[in-house]
Amino acid sequence: MATEHVKCLIIGSGPAGYTAAIYTGRANLSPVLYEGLQPGGQLTTTTEVENFPGYPDGVTGPVLMDDLRKQAEKFGADIRHGIVTKADLSKAPYTFEVDGEKEITADAVIISTGATAKYLGLEDEKKYAGMGVSACATCDGFFYRKKKVAVVGGGDTACEEAIYLASLASEVYLVVRKPYLRASQIMQERVMNHPKIKVLFEHNAVGLYGDNGVEGMHVVKRMGEADEERYDIAIDGFFLAIGHKPNSDIFKPWLKTDEVGYIITGGNTPCTGVPGVFAAGDVADPHYRQAITAAGSGCKAAIEAERFLNK
């Protein structure tokens, strides 16, 4: 197996990874970045991005990521296709396997592998991706002002998303599989008492329909042990709020993670507890999950990596 040593390795290519590459490139650290399974990260699956500073007329997700990529390359980042499939953080320099066929060692590592939104697994979710299906109300809610939307989920995140969307949309359906909400008591009360939110207990969304985007959803309501009722509800937007899975599995033997898998960092820093290993973006952020906060954490990780290497 071919082996290569680099000073600074960046794993992942969303706003965090590309920003880290810009900063480490400008610091002459000759960063090598592996883009992973989805070059550009989750943002490449969105259409219009209106809340990233510097784009007053908005920008599409793929164009924004391409801009960041070009900027990183301008400052000397070596951006490569490839997936890091194994990691060994037991001793420095740290060792990684790429695509199961190349070994790479690094003095400093920035993990920016992101988190993957959980979906129901419906074919229609793929069919209408970017055309009414979203996993981020904060990102896309603005496009549904005075329209009808549905949120799937029964936890705190789903309730928060429903309340946020209710401030914009004309009506919000909260589709809950169980006969109760799992959210905290205060969130339950806010949702149940909100005039624009209709909670559909014991309902499953089983499909979507529409010609040029989502125009409605097919739902199944459980009516006792054996009976169920199927019907359609007209909506313009379909939001998933059933959680995210951080892409942290290969690092778990060496890094602290929470119960979901988000990498735990020290205080307000990207430091993981393993010297020279830093985590940035959604893989270490269960709270905000925004492009701008990911970019900011990528900047922090790069500065910490530079300080570490210059010691």
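The values are calculated or read from the model by the stated rules, or taken from the named source; none is laboratory data. A quick note: this is a predicted structure, and the numbers were derived from the prediction, not measured. Positions of Cβ are backbone-derived with ideal geometry, glycine not excepted, and every protein chain shown enters the neighbour counts.
Points to keep in mind about this one:
- Residue pairs whose Cβ atoms lie under 7 Å apart, sitting 6 or more positions apart in sequence or on different chains, and linking a residue in the stretch 120-134 that is assigned by TED's automatic domain parsing to the domain that holds Lys148 to a partner that is aromatic (Phe, Trp, Tyr), are Glu125/Tyr119; Gly132/Phe238; Val133/Phe238; Ser134/Phe239.
- When the test is whether a residue is assigned to a helix (DSSP H, G or I) and in contact with a strand residue (DSSP E or B) (Cβ under 8 Å, 6 or more places away or on another chain), Asp124 passes it.
- Criterion applied to Glu35, Glu101, Glu73, Glu48 was being modelled with pLDDT under 95, among the charged types (D, E, K, R), in the same structural domain as Lys252 (by TED's automatic domain parsing) and over 30 Å from Ala166 (Cα atoms), and the one residue passing it is Glu101.
- Taken over the stretch 159-187, the criterion of being of a type in the set (S, T, N, Q), closer than 26 Å to Phe142 by Cβ and within 26 Å of the chain's Cα centre (by Cα) is satisfied by Ser167 alone.
- The criterion of at least 1 residues that are more than 12 Å from the chain's Cα centre (by Cα) and surrounded by 24 or more Cβ atoms within 10 Å (Cβ to Cβ) is met, among strands (runs of 3 or more DSSP E) falling completely within the stretch 229-311, by 237-240, 277-279.
This table checks each residue for (1) of a type in the set (Ser, Thr, Tyr); (2) farther than 22 Å from Thr46 by Cα.
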{"residue": "Gln71", "(1), (2)": "no, no"}
{"residue": "Thr95", "(1), (2)": "yes, yes"}
{"residue": "Ala106", "(1), (2)": "no, yes"}
{"residue": "Ser134", "(1), (2)": "yes, no"}
{"residue": "Ala137", "(1), (2)": "no, no"}
{"residue": "Gly155", "(1), (2)": "no, yes"}
{"residue": "Glu160", "(1), (2)": "no, no"}
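- Among the conditions (1) of a type outside the set (D, E, K, R); (2) in contact (Cβ under 8 Å) with a residue 24 or more places away in the chain; (3) assigned by TED's automatic domain parsing to the domain that holds Glu306; (4) not in a strand (DSSP E or B), the only one that Cys139 does not satisfy is (3).
- Selected residue (criterion: farthest from Thr157 (Cα to Cα)) from residues of the stretch 176-204 that are touching a Leu at 6+ places or on another chain (Cβ under 8 Å) and buried (at least 17 other Cβ atoms within 10 Å of the Cβ): Leu200
- Only one of the numbered conditions (1) of a type outside the set (A, V, I, L, M); (2) touching a helix residue (DSSP H, G or I) at 6+ places or on another chain (Cβ under 8 Å); (3) within 29 Å of Glu189 (Cβ to Cβ); (4) at pLDDT 95 or above is violated by Gly114, and that is (3).
- Subset tally (residues that are surrounded by 21 or more Cβ atoms within 10 Å (Cβ to Cβ) and out of contact with any helix residue (DSSP H, G or I) (no Cβ under 6 Å at 6 or more places or on another chain)) for the stretch 129-138: 2
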